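Working notes, structure below.
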Amino acid sequence: MSSISLLLQRAKSGDREAAERLFELLQARALEMARARLGPGLRRELDSVDVQQSVLKDAYKDLAQCHGSTEPELLAWLAAHVENKLRNKARNFGAAKRDAGHVARLDASVEGSVPFLEPADDATSPGDKLLRREQSERVQRALAALPDEWRHAFELRASEGLAWADVAARMGKTESAVRGYHARAAARIQRELGEA
């Protein structure tokens with residue numbers, strides 16, 4: 001039995017040190033897999049090291065789902081994680097290109113509840129740009145799922161930066177009501193982002 005197989009067996013039985021050692025050994029393999037499978041289109045947007053780290057993080061969390069017990073089975077399972085990650089990233093990039101320029105601006109100072117999102121500047125890495133784009137898409141989906149009054153109050157306050165009295169006047173509601181709409185919207189968006 002190989003050392004990787006032994007570490008896998010121990011890691012799956014709950015040995016944290018074995019799991020950490022196993023994933024240290026898998027780092028180079030995951031990077032090789034990411035480099036080999038990263039096509040030219042995604043290579044412009046993603047760094048293979050970012051893919052490797054994301055895959056290893058997911059695989060570490062999903063280790064109990066690995067049904068193999070040998071090194072080749074583990075490597076096949078890891079390769080499937082790489083493939084799935086790249087497929088999802090490619091799908092997200094396709095959606096992002098269709099929605100180019102559609103980025104939510106949310107003010108983090110509003111109750112400190114939702115991160116401030118803006119277009120990534122040119123100084124960020126492709127991985128950072130991808131994370132910001134994915135986060136923006138999650139926020140857009142969360143906003144779209146809100147009841148109309150909640151969304152309107154949230155957008156007026158967070159996106160347009162209006163004072164509470166101005167939000168209330170624009171909506172024809174009391175200040176207390178729009179504060180409540182906003183609080184519920186912020187809580188729901190934060191919960192959605194936390195689950196993603």
Give a residue-ordered list of calculated ³J(HN,Hα) values for the stretch 163-177 (Karplus: 6.51 cos²θ - 1.76 cosθ + 1.60, θ = phi - 60°; whole Hz; x for Gly, Pro). 5, 4, 4, 5, 4, 4, 5, 5, 8, x, 10, 6, 4, 4, 5
Fewest Cβ neighbours within 10 Å first, please rank 81, 67 accordingly. 67, 81
Applied in sequence order to the stretch 81-91, the curve 6.51 cos²θ - 1.76 cosθ + 1.60 (Karplus, θ = phi - 60°) yields integer Hz couplings, x standing for Gly and Pro, of 4, 4, 4, 5, 4, 5, 4, 5, 5, 4, 5
What's the long-distance tail for the stretch 3-98, i.e. % of Cα pairs beyond 16 Å? 53 percent
What does the extension gain come out to for residue 10 and residue 87, with contour length at 0.36 nm per residue minus their alpha carbon separation? 24.6 nm
Per residue of the stretch 11-16, what does 6.51 cos²θ - 1.76 cosθ + 1.60 with θ = phi - 60° give for ³J(HN,Hα)? Whole Hz please, x for Gly and Pro, Karplus curve as stated. 5, 5, 8, x, 6, 5
Neighbour-count ranking for 181, 60 (other C-beta within 10 angstrom, fewest to most) reads 60, 181
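Computed from the coordinates by the stated procedures, all read-outs in this text should not be read as laboratory data. Since we're looking at a predicted model, the values are computed, not measured. With ideal geometry, Cβ positions are generated from the backbone for all residues, glycine too; neighbour counts draw on all protein chains shown.
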